[in-house]
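Shown next, in structure tokens, is the structure this report addresses.
The values are calculated or read from the model by the stated rules, or taken from the named source; none is laboratory data. What you see is a predicted model; the values in this text were computed from it and never measured. All Cβ positions, even for glycine, are placed from backbone atoms using ideal geometry, and neighbour counts span all protein chains on display.
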Amino acid sequence: MPIGEFGGAPSLPGPSGSVTTTPLYWMYEWAHAALDPSRALADATRLYFKNPLNPFSHTPFGRSVAAGAELYERAIRRYAQPEWGIESTLVGGERVPVEIRTVWQRPFCNLLHFERRFERPLRQPQPKILIVAPMSGHFATLLRGTVEAFLPNHDVYITEWIDARMVPLAKGRFDLDDYIDYVIAMLHKLDGDCHVIAVCQPSVPVLAAVALMEAENDPNVPQSMTLMGGPIDTSSNPTAVNKLAEERGMDWFRSHVIAKVPFPHPGFMREVYPGFLQLTGFVSMNFDRHLDAHRKMFRHLVTGDGDSAQKHREFYDEYLAVMDLTAEFYLQTVESVFVRHDLPNGTMTHRGKPVDPSRIRRVAMLTVEGEHDDISGIGQTEAAHRLTPNLPADRKAHYLQRSVGHYGVFNGSRFRAEIAPRIADFIRTHQHDRRAKSPKHAAE
């Protein structure tokens, strides 16, 4: 579901809550089209005042005009899904090319495989991991750093959720039940020979999927699952965004944030939570910080600090690229996870069947939280241990990372240096542990 700053709680429109639905989406599209000429003019101005043959380009005035034109063009641009940009990785001191392949498809999701092209086969296969990215407004490329951290020593797969405005209405609905179905189908695709990592919001559907599979004694359950900064129980240490979701209630969400996709998008007339409304929520949470970041970029451009300006571009190219979510997925998730707390209360169902995490006995579980996480508060993810009393203690672990916020749970220097190695160690500990005892794999 839409999340705060890359997180696990609802991202809400601005404080007033006065925006309304479908007409606003059409107006947004019209405004975007109307600004096309000014975008072109701003880009031409930037190029003119950056041209080294133009004497003004070497003056503070020229650099200021070019910087202002670039910031204006970036402010009114629609950002497309960023490229992964992962072409190789380092395995055992050797640079190995990486090819990104789609190995499984459904209307609302592609399963990507980061296939490493080894010249010689590895002596021992490395653990296979399925990273379940948030369907939360941002694209899966937000987890580029997460993928890069695991690639050297793991065979990595990741969910790439599709922008709902790009899915024709004829392809049907997509709700929380469908999300859980997709997770189960992908685990079947990987034959259970994998370790699943749920980043933020997917912690709930992943835990539910594993519980349902365990209840049916499904042989394709993963060997382990890692839940990172997820809203398993938002009634435990609720954050400001958690409280806001409860206070506004479902009627407010239905009437204020749901719109129909306008023409000419492929998903014309599909009901969605629009990406631009989510972006309003993202930015409003830390408006002063974003404003200050753009002031700094202006100064970097004027003073010629290209490296700092490029870092700003890369961050905001990712941050400002947002996708629409189907209305049914958004509303069902808000109601089940953030308002009623169905999973921790034992009332969650999937297509009429109860979701009972106490049925989990075979799948090892690691939970990870950040000390300064203001989206999924401390204790919300750890609550998964309370819900799985029949999972042996030696198959459970919890880790609290000091000095990081929500984003730092799955990306950044502390994630690479302290969190990712712990997850890798947990995966190695439980690799083959269960499957070696399975009759099917013992025969092999």
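Please go through the range 136-161 and give me each residue that is within 13 Å of the chain's Cα centre (by Cα) and touching a residue at least 60 places away in the same chain (Cβ under 8 Å), ordered by number.
First, the residues of the range 136-161 that are within 13 Å of the chain's Cα centre (by Cα): 136-147, 158-161.
Selection gives SER136, GLY137, HIS138, PHE139, THR141, LEU142, LEU143, ARG144, GLY145, THR146, VAL147, TRP161.
For the range 302-326, a residue qualifies if it is of a type outside the set (Ser, Thr, Tyr), touching a residue at least 24 places away in the same chain (Cβ under 8 Å) and outside any helix (DSSP H, G or I), and the qualifying residues are GLY304, LEU320, ALA321, VAL322, MET323, ASP324, LEU325. Evaluated against (1) farther than 21 Å from LEU343 by Cβ; (2) in a helix (DSSP H, G or I); (3) not aromatic (Phe, Trp, Tyr), ARG173 falls short on exactly one condition, (2). With respect to the conditions (1) within 22 Å of GLY137 (Cβ to Cβ); (2) hydrophobic (A, V, I, L, M, F, W, C); (3) in contact (Cβ under 8 Å) with a residue 60 or more places away in the chain; (4) part of a helix (DSSP H, G or I), VAL183 falls short on a single one, namely (3).
Tell me whether the range 112-120 contains one or more residues that are over 20 Å from the mean Cα position of the chain (by Cα), closer than 20 Å to ALA420 by Cβ, at pLDDT 95 or above and of a type outside the set (Lys, Arg). If you could, list the steps in order and put the result at the bottom.
Narrowing the range 112-120 to residues over 20 Å from the mean Cα position of the chain (by Cα): 115-120.
Applying the additional criterion that residues be closer than 20 Å to ALA420 by Cβ yields 116.
This time we only want the ones that are at pLDDT 95 or above, so: 116.
With the extra rule that they be of a type outside the set (Lys, Arg), the set shrinks to none.
Scanning the range 112-120, I find no residue that is over 20 Å from the mean Cα position of the chain (by Cα), closer than 20 Å to ALA420 by Cβ, at pLDDT 95 or above and of a type outside the set (Lys, Arg), so the answer is no.
Taking VAL103, is it of a type outside the set (D, E, K, R), within 30 Å of SER38 (Cβ to Cβ) and modelled with pLDDT of 95 or more? For VAL103, the condition - of a type outside the set (D, E, K, R), within 30 Å of SER38 (Cβ to Cβ) and modelled with pLDDT of 95 or more - is not met.
Cβ separations smaller than 7 Å between residues 6+ apart or across chains give the following pairs from the range 70-92 residues that are under 22 Å from HIS300 (Cβ atoms) to residues that are part of a loop (DSSP other than H, G, I, E, B) and not small (Gly, Ala, Ser): ILE76/LEU35; TYR79/LEU320; PRO82/PHE139. The requirement of being small (Gly, Ala, Ser) and in contact (Cβ under 8 Å) with a residue 60 or more places away in the chain is fulfilled somewhere in the range 56-66, by at least one residue.
Screening the candidates ASP163, ASP193, ASP155 for the property of being buried (at least 18 other Cβ atoms within 10 Å of the Cβ), of a type in the set (Asp, Glu) and touching a helix residue (DSSP H, G or I) at 6+ places or on another chain (Cβ under 8 Å) yields one hit, ASP163. Could you please find all residues in the range 106-154 being touching a His at 6+ places or on another chain (Cβ under 8 Å) and among the charged types (D, E, K, R)? If the condition is that a residue be touching a His at 6+ places or on another chain (Cβ under 8 Å) and among the charged types (D, E, K, R), then LYS128 is the only one that fits.
Can you list the helices (runs of 4 or more DSSP H) lying wholly within the range 200-301 that have 2 or more residues being surrounded by 20 or more Cβ atoms within 10 Å (Cβ to Cβ) and at pLDDT below 90? Explain how you work it out, then say what you get.
Details: elements: 203-215, 240-256, 275-285.
Result: 240-256, 275-285.
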